[in-house]
Structures are given as structure tokens and as C-alpha cells.
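K.L.:
Take this structure, written in C-alpha cells, and hold onto it; I'll ask about it next.
Throughout, read-outs are computed from the coordinates displayed, never taken from laboratory work. These figures come from a predicted structure and were not determined experimentally. FYI the Cβ positions are ideal-geometry reconstructions off the backbone, even for glycines, and counts take in every protein chain you see.
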Amino acid sequence: MNIENTSKSLLTEFTPQITHWSLKEKLWFSFWSIVFLVGMYALYVQITEGHEVTGMRDNVVWGLYIANFIFFIGISYAGAIISGLLHLFKVEWRKPIIRIAELITVIATIIGPLYILLCVGRLDRLHHLFIYPRLQSPITWDVLAIITYLIGSIIFLYLALIRDFSILSHAGLGVSKFKNRLYKFLSLGYTNTPDQRKKLNLSTDILALLIIPTAIVVHSVLSWIFGMTLRPGWHSTIFGPYFVLAAIYSGTGVLIVALWMFRKLYKLEKYIVEKHFMYLGYLLIVLSAGYGYFTFSEYLTDWYSSEKWSSELIDKLFNLQEFGWWFLFANVAGILLPIIVIGIPKLRSINSIASVSAILVLAMWVKRYLIVVPTLETTLLPMQDTRMEYVHYSATWVEWALTFAGIAMFFMMFKLASKFVPIVPVWETSEYLDKESMKTK
Amino acid sequence: MEDKKRRDVLKMGAVAGLAAIAGAAKFLSPESEQPITECGDKVKLLSQDGEIIEVQASMLKLDTHDHAQTMARKVGREGIPGRKFVMVIDLGRCRNARKCVTACQKMHYLPEDKEWLQIKLMKDNEKSAPYWFPKTCFHCDNPPCVKVCPVDATFKRTDGLVLIDNERCIGCKFCMAACPYSTRVFNWGEPEITPGAENVTYSPETSVPSRHSTVEKCDFCPDMARQGKLPDCVTACPNGVFYFGDENEDSVSNGSETVRLSTLLRDKAAYRYMEELGTKPRVYYLPPSNRMFPVERGFKNLSEEIKERYKDVH
């Protein structure tokens, strides 16, 4: 019954995190609420005036929105792949961090598809996707895959929460009656009987096993939206695995940043320890190398074979007057920097790992932009258009406002979630701490 | 022309212009399976051939705009039976007169800056001479745009045409990203429609009027074909650049001469643009050899704005 004692003391420690809003948190939340509201105003403008208010035009039909879509679905891999894999391999140190990882997954998977909706001109006809579906279209694949993935990742998060809901409902935290009733309802009457424990463990194992292929499908299908077309830079056979690896990579980066932030904010130094950053850092090096390999292989083949349109695209990416600086940033900050900083023991620390993670996440966003926009600016027939906005894409304030609104939504949802459940899973962490203390004895 | 569209969609093939009968007419839904009885009132109507015909009042229904459009959209999804439309563009004759562009815009009530038919100035390599290249939709037999449409808003018909139903389109623009020829245009805002368009019953065959946030493109004017006429770009061209016709009949016409398609393609070494993409276009080009006009003629009478488009081609 040691675990129960440990969990009680853990819960007491986490209680302020759930029940109390510090001034800092209030300011943080208000700031992002304002950003979010500005985004909502931009949305209103876009809906009432049409897509004319965006920078998208007939040649560059997709822009920031699609880049954001890939980005958010990418970071959702934190919970799906990282947490799923670590669970399957029974890696014990995962336990304090799984909640944060799985929250990233669910929140990012809710936000990502919203950007697809922003690209749809006729939202009033969205139901056509279900009443006239065509299975040949990668968009239909995407709709099916993302819905499955979202449901799967919500269940995965929820299964890991049941024990905590049970603990919370019995703890008497002094939360409102309604909240307590909600905890009780969500705990599904879990009281940790051997039978319940067996069933819960089995379901979690199955979900962990299912969520990994589902996640891979989601990002592969997403990459095929590009890969299936006859456009330079998109029509590539490695796009599926390339996207999947990039997603795991950026997901791990976001996970590290989130761990660092929550650790600071809620004083979780005891639970989120150096080991987590180091191990995830090592993983980051491996992923970075793999992602770098894919990137190199992709651009080398396009450059070497020098097919007309591929060359045109490569020229734009290498030209400092066009996308050159961005391309350089995406590859230096997104591939080399993490390998160097984490690879050299002297430079490796919690803070440095968290910083390079933040930079690489940004670089990965730029990379997604570089996948979408330059290709669309490279038409097979000469463009011969005098309308500048048709030739070169440049995002408008509406698109930027909605981009930041997505980021705001991410932070706000995370904050709200942390006010509802402990950000470090109480049950799993107690189990982990118990095992650790047994070892030291 | 509006008249013609109405004819297409009227169920009885009768002109329901006789307002007097409207009161007596019974409204039936198109799918209604109410048994037809011989008794009941009969009304006299003027048929489209100008004959007076007698029809049971119970079989009549008033043609509402909505219903006319529903029917037109349905008909527009089916190809014209027995046809296989094809176009041949003779690059040796084009001098960038742009009559095809304006005729197309007039026919489809498009504003000046929206060009379903574009004329590019092409130059294949450094040594070769530039030439004018009119580009319609290629109505590919293996259309990348149709493949990717998630809602069947763009479709391939039995007569070879690739059309769009802008009442179905959700505006995702995937077809635009997928089309390697940049053929499709999008209504980013409320479309500017020139006067007269409001009288046209929309169908994928008329493509008029435009709708906001939907995709549109060159449709090969199947509404003209139904009347046995050539598309407007073909008849408007002063130099007979465009040949339009039916592959099944093996004949194409540019308005002044009608020729055998197979002979034309063989003798003039026709090619399809970017054959290597595997899209199988239904538009053939005759190489710009033995040109009727020097390329410079194409710059005459062009507005500065349009001239500006071609500044990168030397």
C-alpha cells in the first residue's frame, strides 16, 4: 500500500497546481486570450469577405494554413509515438512525462485540422465530404485518418487518466462540487481492484499498440496530399516516411520544451529530472540524423538529376534572394544545431537541450512553409502574370493572426487541462518512484 | 440563349410561358410516382417546335428556378451520347490576336482579368524562336484534378469533357494544386459577373454564373455543342487556330474548314503538351512551323499590362 501513500503525498504537492491560478498564470492566460481574440476577428473578416483577404491566389493556392496544419499534426506525435513506444517498451522513466506528451497529442490534433477548414472556401458545404465522398481523393483518406487518430489519442490519454480521476475524486481537494462529480464520473467507478487493474492495463497496451500505426498513417496520408500531385518538390516517393520522421522529430522537440516550461512553472524538478532531458536529447540526435539523411537524399536527387522544374525549385531554395535564408535556417537550426549542442557533452544541459528544441521546432515550421509555398510558385507552364500577388505568395495579417491564434489555443488548452488534471500523472509517478526507491534500498 | 437553356431542362419539352395554365397546373415533385389517370383537365401548350400539343394538367408542373437548376446539374454530369470531343490548336497560325480570350470572357460573363483561356509566349530552348501558345483546359483522359476531388465536384464525362459543378464544390483547391497546367481559377472573393449572367440557368455545361469560393475553368462550351455549334473561341479566332470536333466522327472544324482529324494529326506531326506526365490531354498542338506571322505581330495593339507579362521571354 506504499503506492497509495506516495500518491497521497504527490497529490498534496500537486493540489495548488490544479486549484490555484497564480498571477503569472493569469497574465499568461490573458495574453494568449487576447491573441486568440484577434485571431477570431481575423476569422470573422475571412468568413465575411472571403479568401480574398488572404495572400493565397490561383498559383499559390495554399499557404500558411497548410504549413500550420502539417506543423500541428507533426507535433502531435509527441504523445502518439513517443509515449506509445515508451509504453510498449516498458520504459519506466516515461511515467512522469506521459501526461504532458499525450496532452500535446490531443490538443495539437484538435488544432491542426482547423487549419484545413480555414483553407476550405465553402464551409457551408463541408457536409459534402460525407454525403458525396470519393475514396480516390487523398483528402478523403485524410479525413478518415485524422478522425480515427483524434479519437484514438483521446482514448489513449483518457485511459492513462482513469486512475488519477479515481484518486482525485476521493482526495477531497476542496474543488467545486461539480468538478468533483465530474472526476467521479470520469473515473468510471475505478477502485483499483485486481480485475479493473488488469483490464485497464490491457486496454492501455492495446491502445499504445494501435496509436503508433494510426499516427504513421495520418502523417503519410498528409504527405500524399502533396506526393500524389505532379508538382516539383512534392511528387516524391520518400514523402511518406520523410513526413513521419519529421513529425516524430518536431514532436519530441515540442515535448522537451513543454517539459521544461511545466517543470519551471509548477516546480516539478523532483519528477521531471535531468534524465528525461538527456534521454529525450539522445533521441533527438538520432531523429535529427535520420531527418537530416532524408533531407539530404531528397534535395540531392532533385539537384543532381537536374530535371527542369526540380532545378527551378532548387534554384529558388538555394537563392538567398528568394528562399535561401529560410532554407539555410531550416537545415542548420533544424538539423545541425541539435546534433552539435546535444552531441558535445560540454554543451549538453537541461537548458541547452530545451533551447535547441525550441529553435528546432521553429525551424521545422519554416521547413513546412518551404515545402508548401516554393513548389506552388514553381508552375510547369510559365506563369506570365502581372499581378504580383498571383506570382509570389505573401501571407496577410489575417493569416498571421490566425496562425498565432492556433498557438494561443495550444497554450490556453494546455493551461486549462493543467487546471483540471495533474500535469504529472499521480498514479504512474507513484508507481515509478516506488520502484526507484526499492532499487536504491 | 437563355431560351435554349430553359428548353434543355423543361421536363415536358413544352414552353411553360402560358401563365394562364399555371393556376390549373398541379405541382408534382419530379420523383413522384402518382399514377397517371386519363381523366382530368387537359391544357394546350406550345411545343418547342412551334406545334400546339395537348397535355394532361396533372402531368404539368411549374418550372421553378431551383428545379430547373437541379435538372440542369444532373444533365450536365452526363456526357453528350456518342461524342468524344477533341481540340487541335495550330500554333503556326496564332498571332496573339486575343479574340479567343475576349470571346470566351463574353460567353461566360467573365471580367477582363479572369482568363479561362490564356495565351502564353513560349520558348522551348535558348536557340529556338518564341511562339504564341493558346492554352485551354486540356480535358485530360487521365485527369489529375478529377482524381483528387474529395466530393466529385469535378468529373469526367463520357464525351471526354472534364467539368465542374460549382454548386457541389467545397473550395478546397486541391484540384488546382493537382493540375500541372495551372488551368483552374478560383473565385477568391465575390465574383465579378458581367450583366446578363443572372438570366442563365447554371449547369456544369454553362459554367455561368460564377460562384464565390469555388473553382472554375474552360469547359469546351458543351452548351454550344448541344446546339451543334462550335465553341466561341473557335469561331472568334480570325486565323483559324482552333479546330474543334468529335474524335468518333474523326473530324474537326475551325469554322471555315472541316478536316479529317486523323489526317491532320498525322500530316502536321501533332503532339500533346507534356505527354510525359501521362495525363492524356484531349487537346493536340500542331508545331509552330511554317508560321503565318512573325511573333512580333503579337505585341501589336497589346495593352502595356499584357505586354508586361511577356517581358521575361526574349
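K.L.:
Can you give the calculated 222 nm mean residue ellipticity of the protein assembly as shown, where each DSSP H run of n ≥ 4 adds -39,500 (n - 2.57) and the sum is split over every residue, rounded to the nearest 500 deg cm²/dmol?
P.N.:
That calculation yields -16500 deg cm²/dmol at 222 nm.
K.L.:
Please list, by residue number, every one of the GluC sites (Glu not before Pro) in the stretch B:100-181 that is coil in DSSP and has at most 12 other beta-carbon atoms within 10 Å.
P.N.:
B:GLU112, B:GLU126
K.L.:
Using 0.36 nm per residue, how much length does the chain from A:GLN196 to A:THR48 gain when fully extended, once their Cα-Cα distance is taken away?
P.N.:
48.1 nm
K.L.:
Tell me the relative contact order for the stretch B:83-309 as a rounded percent, counting alpha carbon contacts under 8 Å between residues six or more apart.
P.N.:
Value for the stretch B:83-309: 30 percent.
K.L.:
Going by average Cβ neighbours within 10 Å, how do the peptides A:333-339, B:283-289 rank, with the highest at the top?
P.N.:
The most tightly packed comes first, giving A:333-339, B:283-289.
K.L.:
Explain nothing, just the number: relative contact order of the stretch A:64-193, from Cα pairs under 8 Å at least 6 residues apart, as a whole percent.
P.N.:
It rounds to 24 percent for the stretch A:64-193.
K.L.:
Can you tell me how much longer the chain between A:GLU312 and A:SER33 gets when fully stretched, taken as 0.36 nm per residue apart minus their C-alpha distance, in nm with one decimal?
P.N.:
96.2 nm
K.L.:
Something else now. Suppose a student asked you for the relative contact order of the stretch A:179-267, using Cα pairs under 8 Å spaced at least 6 residues apart; what percent would you report?
P.N.:
18
K.L.:
I would also like to ask the following. Using the 10 angstrom Cβ neighbour count as an exposure proxy, how do A:SER352, B:SER213 rank, fewest first?
P.N.:
By the 10 Å Cβ count, ascending, the order reads A:SER352, B:SER213.
K.L.:
Could you work out, residue by residue across A:50-57, how many beta carbons of other chains sit within 10 Å of that residue's beta carbon, and then give the average as an integer?
P.N.:
4
K.L.:
Calculate how steeply helix A:177-186 sits against the longest principal axis of the alpha-carbon atoms of chain A, using the helix alpha-carbon long axis, and give the answer as 0 to 90 degrees to the nearest 10.
P.N.:
80
K.L.:
With Cβ to Cβ distances under 13 Å as the rule, what net charge do the other residues near A:ALA67 carry (K, R +1; D, E -1)?
P.N.:
In short, +1.
K.L.:
A follow-up question, please. FRET efficiency for B:ALA129 and A:ILE147, Cβ-Cβ distance as r, R0 = 45 Å, nearest 0.05?
P.N.:
Computed FRET efficiency for B:ALA129 and A:ILE147 comes out at 0.25.
K.L.:
Could you give the length gained by full extension between B:ILE53 and B:SER262, i.e. 0.36 nm per residue of separation minus their alpha carbon distance, to one decimal place?
P.N.:
So the extension gain works out to 70.7 nm.
K.L.:
Considering only DSSP states other than H, G, I, E and B, which trypsin sites (Lys or Arg not before Pro) in the stretch B:211-258 qualify as loop sites with at most 16 other Cβ atoms within 10 Å?
P.N.:
Sparse-neighbourhood loop trypsin sites (Lys or Arg not before Pro): B:LYS229.
K.L.:
A further question on this structure: What average number of partner chain Cβ atoms lie no more than 10 Å from the Cβ of the residues making up B:174-185?
P.N.:
Whole-number average of other-chain Cβ neighbours for B:174-185 is 6.
K.L.:
How many partner chain Cβ atoms sit within 10 Å of a residue's Cβ in peptide A:228-238, on average, as a whole number?
P.N.:
Across the residues of A:228-238, the mean count of other-chain Cβ atoms within 10 Å is 3.
K.L.:
Also, quick follow-up: Which net charge results when you count Lys and Arg as +1 and Asp and Glu as -1 among the other residues whose beta-carbon is under 12 Å from that of B:GLY92?
P.N.:
Every neighbour counted, the sum reads +3.
K.L.:
Efficiency by 1/(1 + (r/R0)^6): what FRET value for B:ASP250 and B:PHE293, r their Cβ-Cβ distance, R0 = 41 Å, to the nearest 0.05?
P.N.:
0.90
K.L.:
Then there's this: What list of ³J(HN,Hα) couplings, whole Hz, do you get for the stretch B:128-145 from phi and the Karplus terms 6.51, -1.76, 1.60, once you set θ to phi - 60° and write x for glycine and proline?
P.N.:
Using θ = phi - 60°, the values come out as 6, 8, x, 8, 7, 9, x, 10, 9, 6, 8, 6, 3, 7, 10, x, x, 5 Hz.
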